[in-house]
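A short worksheet on the structure shown next.
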Amino acid sequence: MNSVLSSILSWDFVASGIRVTTPILLAALGALVAELAGTPNIALEGTMLFSAFVGVIISGFTQSLWLAVIGALLTGIVMSSILAYFSLKLKTDIIMAAIALNIFASGGTIYALYLLTGDKGSSASLKSLVLPNIDIPIIKNIPILGNILSGHHILTYVAIILVFLIQYMLYKTPLGLRIRSVGESPDAARSVGISVFKTQYTALIISGMLASLGGIFLSMGYVSWFARDMTSGRGFIALAAQALGGTSAYGVALGSLLFGFSEALSFSLQFLNIPYEVTQSMPFIITVGALAFYAWNKSRNKRNRDI
Amino acid sequence: MSEYVLEMRNIWKVYPNGVTANKGVNLKVKKGEIHALLGENGAGKSTLMKILFGFERPTEGEIYYNGELVNINSPYKAIELGIGMVHQHFMLVPSLTVVENVVLGMEPRKGLSIDLKKSIEFVENEMNKYGLPVPLKEKVKDISVGMKQRVEIIKTLVRGADLIILDEPTAVLTPQETVELFKALKNLTKAGKTVIFITHKLNEVKEIADRITVLRRGKTIGEAEVKNITEKDMSRMMVGRDVDIEIDKTPAKPGKIVLEAKNLEYTRFDGVKMLKGVNLKLREGEILGIAGVEGNGQTELVDIITGMDKPENGEIFIFGKNMKEADNPYEFRKIGMSFIPADRMLHGVSKEDTIEENLISDRFNRAPFSKKGVLKYNKITEFAKRMIKEFDIRTDGPKTAVKMLSGGNIQKVVVAREFTSNSKIIVADQPTRGIDIAAADFIRRRLVKERDNNVAVLLISSDLTELLEVSDRILVIYHGEFVAHFENIKEIDEQILGEYMLGIKKMSKEEMGDLI
Ligand SMILES: Nc1ncnc2c1ncn2[C@@H]1O[C@H](COP(=O)(O)OP(=O)(O)O)[C@@H](O)[C@H]1O
Ligand SMILES: [Mg+2]
């Protein structure tokens, strides 16, 4: 038991928790924006995956980080546009359209990977760049604080800044007010001349770009290659984190931390004498637990009628 | 330029589901007048106004505004022209504050943010100009219906509306709130605005309107100056025949108590106490009416009485049996209760299914409709045909999906099922809301007839005229408590009920008597 505690109470564990949280948080912020607009983005998983792939491929072939990031963001925009086209223009069920996109991303990346590298499993043969970690001067030398605040991946810092930016955007700007009103009562928004389509489309684009950032963190931060289905459900965990965190970006950040750290916990426990099957199923058990809590909480509030 | 600010010429509207709601409608409105658009439910009034506001596109027809042919293809365009609309169902975002709702879509900015201070100043200025105060910082979900309507009016004013459309604005108001609204509307016309006022209440037309246009079944029947026309003429134009508005009713002969609620308490999810110890006794052979402004606990009371929800404290007795153990509405039905729910689309029918399936949805597992677990469709269809005839359901046939029917006919399906289940208790929650006069009249008469057959009826309604006409006793609910009990309906009127509904007056326990 002692070894369990010592492995949890280490800086390595904290660092690993933050690392695992980052992609979940980025995608969960995307989930939040889309959810509030009334267009839940189930395609986060596929968007992350495709962006992770495009980032690695572009960086591998051009050796340019900037092009890689831009390419990944464009991938997010394209994925969201497809989703928007089907759900908002053609009025397909948005969940169905998103599931199709997720399946397409899974198969499409493997196919494209094979065409480009001749390998169906990973892009290890392609030499790709990674986005850097950042040491914050001065702070990094302060004992404890330096350990906590400094030396993280650049996208981790971006994610933290985005928590505040997204919160500001949603609750202080006209765009945020419109996103929330369109999500809550589209007819009310329409009656004052707001275009429901444009607002939801914008929200989906923002959501897709956030998922893209989460995606390239996986392939250009975590590791430096793309592997098939490397998102392994993080897009869905992000949805759960958003559901748990509620309608504020801060809540969503907390929800993401919960999932991130529980996954990190399962990594640390692997090195102890706990059966592999148990540690591997930890994140899923926690997901199920959190969703059960979420559902219970929802049903308790089921009388939330418009008054 | 002509004397009309607005002319709608030969407007046709065919909805995607094939319903032709407007069949060559003409409407002419003069500047500065209050123009009443009159017609039964389903006549096409809302459709016509949605076309004017750009919410729906006409299939055919022209609109002239200030003498010019205009193409109103979106609400945005309508707002630009100076047309504002207060919809029948409010177009407000409940979780946003009043001021956010008002400035939505035209938010004053400071840098990237919304300038809240300027928003408040701006709206305050506008509301003072027309004498329409609203609580700017409260959330819309926390304010009264009358206030919500005011917010809607202000929304149109801040967008510079000169022509304001109000779709059945009084349907949701208490008499006192209606008086306030009428004052506000008169102020608006004094300030040079034009008002189109949709209603089917004739006394209101007499009180406030300058001119009327009457629609019936999608067509313009005629227009007139209000001062030149009687209520009787108006009603004939609306309905197409003379309607006998009074229901003949013999005094009730109440028998034993069949339904009793003792000390019901209920707290809503957000911690608001919706029922604070409610008692109620319902006897066979009487109609007990419940009056109250919506949201004062009626919904919760009905949910508990019909078994859709459980009280926090208190008990329900039906035919003397404590219903504590019964945990779904079916048990309440089995013991002999019928229920006409307020939200007919949600709780009344299964809209994807056919009329006949909906008609037997409470008895499909019994003979003659099923045998050994197999449905007997010939028996079902036969029964449905009889119901369609008896209840005058306007449809192609029993196999039509319920969602294809108009609101009034959907309600007739519900009512046909509930009135034929041989129950001794009927709970009718807003049974005539939003349906045409003829259907509403039919339902009211049926309620009285059931009463005469010794059935106990609990009627919850926001239509006070209906309550006064049909009920044998009336209880008024306010903030989760009964605050008045009237056993002699002849002695009271809407005004008196209104005072108790708004909490201005309250009866003592003794005054209310022992039937509560
Ligand atoms: N969105 C819609 N789709 C299909 N039919 C509709 C729609 N809105 C209204 N209708 C139908 O059009 C007819 C006229 O409705 P409406 O204009 O709401 O009448 P009113 O406001 O006079 O009560 C009704 O039969 C109604 O069922
Ligand atoms: Mg209407």
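With touching a strand residue (DSSP E or B) at 6+ places or on another chain (Cβ under 9 Å), in a helix (DSSP H, G or I), under 20 Å from B:F53 (Cα atoms) and modelled with pLDDT of 90 or more as the only criterion, which of B:K186, B:K155 stands out?
Criteria check complete, one pass: B:K155.
Go through (1) more than 25 Å from A:A253 (Cα to Cα); (2) open to solvent by 10 Å² or more (accessible area, probe 1.4 Å) for A:A84 and report which single condition fails.
Unmet for A:A84, out of (1) more than 25 Å from A:A253 (Cα to Cα); (2) open to solvent by 10 Å² or more (accessible area, probe 1.4 Å): (2).
As an exercise: evaluate B:K28 against (1) open to solvent by less than 10 Å² (accessible area, probe 1.4 Å); (2) in a strand (DSSP E or B) and give the number of the one condition it does not meet.
Checking B:K28 against (1) open to solvent by less than 10 Å² (accessible area, probe 1.4 Å); (2) in a strand (DSSP E or B), the one that fails is (1).
Going through the range B:144-179 one residue at a time, which ones are of a type outside the set (V, I, T) and within 16 Å of ligand 1 (Cβ to nearest atom)?
Within the range B:144-179, B:L166, B:D167, B:E168, B:P169, B:A171 qualify.
Take B:A78 and tell me if it is within 13 Å of ligand 1 (Cβ to nearest atom) and in contact with a strand residue (DSSP E or B) (Cβ under 8 Å, 6 or more places away or on another chain).
When the stated conditions are applied, B:A78 does not pass them.
Taking the range B:154-170 only, how many residues are within 16 Å of ligand 2 (Cβ to nearest atom) and more than 12 Å from chain A (Cβ to nearest Cβ)?
4
So which residues in the range B:50-71 are within 12 Å of another protein chain (Cβ to nearest Cβ) and open to solvent by less than 10 Å² (accessible area, probe 1.4 Å), if there are any at all?
B:F53, B:G54
Quick check: is even one residue across the range B:24-37 in contact with a His (Cβ under 7 Å, 6 or more places away or on another chain) and either more than 12 Å from ligand 1 (Cβ to nearest atom) or away from every other protein chain (no Cβ under 14 Å) (or both)?
Taking every residue of the range B:24-37 in turn, at least one turns out to be in contact with a His (Cβ under 7 Å, 6 or more places away or on another chain) and either more than 12 Å from ligand 1 (Cβ to nearest atom) or away from every other protein chain (no Cβ under 14 Å) (or both).
Check B:R57 against each of (1) within 16 Å of ligand 1 (Cβ to nearest atom); (2) within 28 Å of B:S235 (Cβ to Cβ) and name the one condition it does not meet.
(2)
Helices (runs of 4 or more DSSP H) wholly in the range A:166-242 with at least 3 residues that are away from every other protein chain (no Cβ under 14 Å) - which ones?
Hits in the range A:166-242: A:196-217.
So is B:V98 more than 15 Å from ligand 2 (Cβ to nearest atom) and either away from chain A (no Cβ under 14 Å) or buried (at least 22 other Cβ atoms within 10 Å of the Cβ) (or both) or not?
When the stated conditions are applied, B:V98 passes them.
In the range B:216-275, which residue that is in the same structural domain as B:T199 (by TED's automatic domain parsing) and of a type in the set (S, T, Y) is modelled with the lowest pLDDT?
B:S235
Scan the range B:111-153 residue by residue and report those that are at the interface with chain A (Cβ under 10 Å from one of its Cβ atoms) and open to solvent by 90 Å² or more (accessible area, probe 1.4 Å).
Hits for the range B:111-153 are B:L112, B:L116, B:D142.
Would you confirm whether or not the range B:112-124 contains a residue that is in contact with a Lys or Arg (Cβ under 7 Å, 6 or more places away or on another chain) and under 28 Å from B:V29 (Cβ atoms)?
No; the residues of the range B:112-124 include none that is in contact with a Lys or Arg (Cβ under 7 Å, 6 or more places away or on another chain) and under 28 Å from B:V29 (Cβ atoms).
Taking the stated definitions as given, is B:V86 within 13 Å of chain A (Cβ to nearest Cβ), touching a residue at least 40 places away in the same chain (Cβ under 8 Å) and in contact with a Pro (Cβ under 8 Å, 6 or more places away or on another chain)?
Yes; evaluated as a whole, the condition is true for this residue.
The values are calculated or read from the model by the stated rules, or taken from the named source; none is laboratory data. These numbers were taken from a predicted model, which means no experiment stands behind them. We place every Cβ from the backbone using ideal geometry, glycine too, and count neighbours over all the protein chains shown. Heavy atoms of the whole protein, side chains included, go into the accessibility calculation; ligands, DNA and RNA do not. Shrake-Rupley method; radii C 1.70, N 1.55, O 1.52, S 1.80 Å.
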